[in-house]
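To start, the structure under review is shown below, and the notes come after it.
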Amino acid sequence: MVTHSHGRQASERLGIPLFRIGIPVFDRLGAGQQVTVGYRGTRDLIFDVGNLLMANMHEPTPGTWIPQDRNAQRLVTLEVPQ
């Protein structure tokens, strides 16, 4: 979700990451000094959003792998011994 600081509650309810931008951003230091225009600002904005997405990625584990057959007609689930 891309919004200002008041979007925090909605982001928490929906369970999605929040990228704070705009006015007001009152819960982050240096937010008023961020540049988001021009080449350097756009580059930094892309890096910040990319880092936010990478920080919220779910790493696959053997229990979450779902291999598919060649024709993708059926799913096979893996059972992991506990």
Select from the stretch 1-36 the residues that are at pLDDT below 90, more than 19 Å from residue 57 (Cβ to Cβ), loosely packed, with under 13 Cβ neighbours inside 10 Å and of a type in the set (A, V, I, L, M, F, W, C) and list them in ascending order. 23, 29, 35
What's the number of the only condition in (1) assigned to a loop (DSSP other than H, G, I, E, B); (2) modelled with pLDDT of 90 or more that residue 57 fails to meet? (2)
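The values are calculated or read from the model by the stated rules, or taken from the named source; none is laboratory data. Quick caveat, the model's predicted, so the values are computed rather than measured. Positions of Cβ are backbone-derived with ideal geometry, glycine not excepted, and every protein chain shown enters the neighbour counts.
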